[in-house]
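Peer 1: First the structure, then my questions, so here it is.
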Amino acid sequence: MIKNQDGLRYPSIDDLLKKIDSKYKLVYAASKVAGILEHDNLRVEGAKCVQSVGIALEEILDDRVTIEFET
């Protein structure tokens, strides 16, 4: 598996905003998922990103996590 060499260009913000309609919500969701990954020391198979936030964004993009926001 080739690791991500593109930094913050992957996953694409445009693709992520199709999943979560606000950059602010996206940052919040990614930080929560990344925190869970780090706290529980979880490994994600097939992740291209190395950092936990990048992995969290991949998880959001691939619909592997469900996030509900209160209105």
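Every number in this text was worked out from the coordinates using simple rules, so none of it is lab data. Computed from a predicted model, the values in this text were never measured in an experiment. Here the Cβ positions follow ideal geometry from the backbone for every residue, glycine too, while neighbour counts run over all protein chains shown.
Peer 1: Explain nothing, just the number: dipole magnitude of the chain about its Cα centre with +1 on each Lys and Arg Cβ and -1 on each Asp and Glu Cβ, in debye rounded to the nearest 20.
Peer 2: Roughly 220 debye for the chain.
Peer 1: Which Cα, out of Leu26, Gly54, Thr71, lies furthest along the positive dipole direction of the chain (beta carbon charges, K/R +1, D/E -1)?
Peer 2: Result: Gly54.
Peer 1: Sort the chain into rounded, prolate or oblate with this rule: let a ≥ b ≥ c be the square roots of the eigenvalues of the Cα gyration tensor; rounded if a/c is under 1.5, and if a/c is not under 1.5, prolate when a/b is larger than b/c, oblate otherwise.
Peer 2: Since a/c reaches 1.5 but b/c is at least a/b, the shape of the chain is classed as oblate.
Peer 1: Starting from the Cα of Lys32, draw a straight line to each of the aspartates and glutamates and keep only those under 20 Å, dropping any in the same chain fewer than 8 residues away.
Peer 2: Of all the aspartates and glutamates, those that pass the test against Lys32 - Cα under 20 Å, at least 8 places apart if same chain - are Asp15, Asp21, Asp40, Glu45, Glu58, Glu59, Asp62, Asp63, Glu68, Glu70.
Peer 1: Between 0 and 90 degrees, rounded to the nearest ten: what's the tilt of helix 23-39 against the longest Cα principal axis of the chain?
Peer 2: The angle comes out near 50 degrees.
Peer 1: Relative contact order of the chain, please, whole-number percent, based on alpha carbon pairs below 8 angstrom and at least 6 residues apart.
Peer 2: Answer for the chain is 39 percent.
Peer 1: In nm, what is the difference between 0.36 nm times the number of residues separating Phe69 and Tyr28 and their Cα-Cα distance?
Peer 2: 13.7 nm
Peer 1: Still on this structure, I have one more. Enumerate the calculated ³J(HN,Hα) couplings along the stretch 44-50 in order (Karplus 6.51 cos²θ - 1.76 cosθ + 1.60, θ = phi - 60°), each rounded to whole Hz, writing x wherever the residue is Gly or Pro.
Peer 2: 10, 5, x, 5, 7, 7, 9
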